[in-house]
Every structure is written in C-alpha cells, then in structure tokens.
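> The following block contains the structure, expressed as structure tokens.
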Amino acid sequence: MKHQPDTVSKVDDWHEQAQCRDYKFQRDDKGEVFNPWFPKTGKAQDVTSEGMKYCAACPVALDCLVWALEKRELKDGIYGGTTPSQRRAMLKKKKAA
Ligand code: SF4
C-alpha cells in the first residue's frame, strides 16, 4: 500500500520521488491498517507524527502540497507536511491577497 496520491489518473514524475512511497504499512491489534498520512484523530496530525516526519524529509514536499491545493484536498490527510486546516488557511490567505 502506498500513500502517494493514487487517485490521479496520470502519474506525475514527482510521485516517483515521494518519501512515503516505500512506507511499510502495518496493522494494529484490531487488524486495521494505520496510515500516518490519514490519522483518525486530529492529534495525530501534529508536527511530531510519523507522517509529518516523512514529509519533512521528502524531496517533493512542495510538489505534493501544490497538488493537494490544486485538488482541494482540504478535508483530511497530510500532504506536503501540512494538515487540512493549514491548507485551508493557505487558500484563504491566497484568496484574500
Ligand atoms: S510530502 Fe509527505 S505525503 Fe507528500 S509525497 Fe512527500 S512524504 Fe508523501
């Protein structure tokens, strides 16, 4: 299982360099797969979360963030090291400028 946005019909070059591409997903005690880029609680999206650590070292974080903003990924998920609320704030700020 890969995190990199796979809902896109066309795979862009930057996906090949995604830090999360080779992440080894594991199941918890209940058999559920924990996805650090789509944590089920807001608390897990803080800057110390596992997903954020990958994003911080990702060479294509900016491409990922731009993709998420263009696709209006504003409800959930970590993209480019940002939370949904951070992305909403970015778009709001851009709109106001
Ligand atoms: S910035 Fe994060 S979510 Fe985006 S490709 Fe890189 S590791 Fe994956």
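Coordinate-derived values only; no laboratory data. In this text the structure is predicted, and so the values were computed from the model without any measurement. Cβ placement follows ideal geometry from the backbone for every residue including glycine, while neighbour counts extend to all protein chains displayed.
> So, with +1 on the Cβ of K and R and -1 on the Cβ of D and E, and no other charges, what is the size of the charge dipole of segment 13-96 about its Cα centre, to the nearest 20 debye? Please report the intermediate quantities before stating the final value.
Numbers: 16 positive and 12 negative charges, 119 e Å.
With only Lys, Arg, Asp and Glu charged at Cβ, the dipole is about 580 debye.
> Calculate, for Arg72 and Lys93, the FRET efficiency according to 1/(1 + (r/R0)^6) with r their C-beta to C-beta distance and R0 22 Å; round to the nearest 0.05.
For R0 = 22 Å, the calculated efficiency reads 0.90.
> Between Phe25 and Phe38, what length in nm is gained on full extension when 0.36 nm per residue of separation is reduced by their alpha carbon distance? Mind showing how you got there, number by number?
Values: separation 13, 0.36 × 13 = 4.68 nm, distance 1.20 nm.
Net length gain for the segment: 3.5 nm.
> Rounded, prolate or oblate, given the Cα gyration tensor of segment 13-96, with a/c below 1.5 counting as rounded?
Numbers: a/c = 2.22, a/b = 1.40, b/c = 1.59.
Since a/c reaches 1.5 but b/c is at least a/b, the shape of segment 13-96 is classed as oblate.
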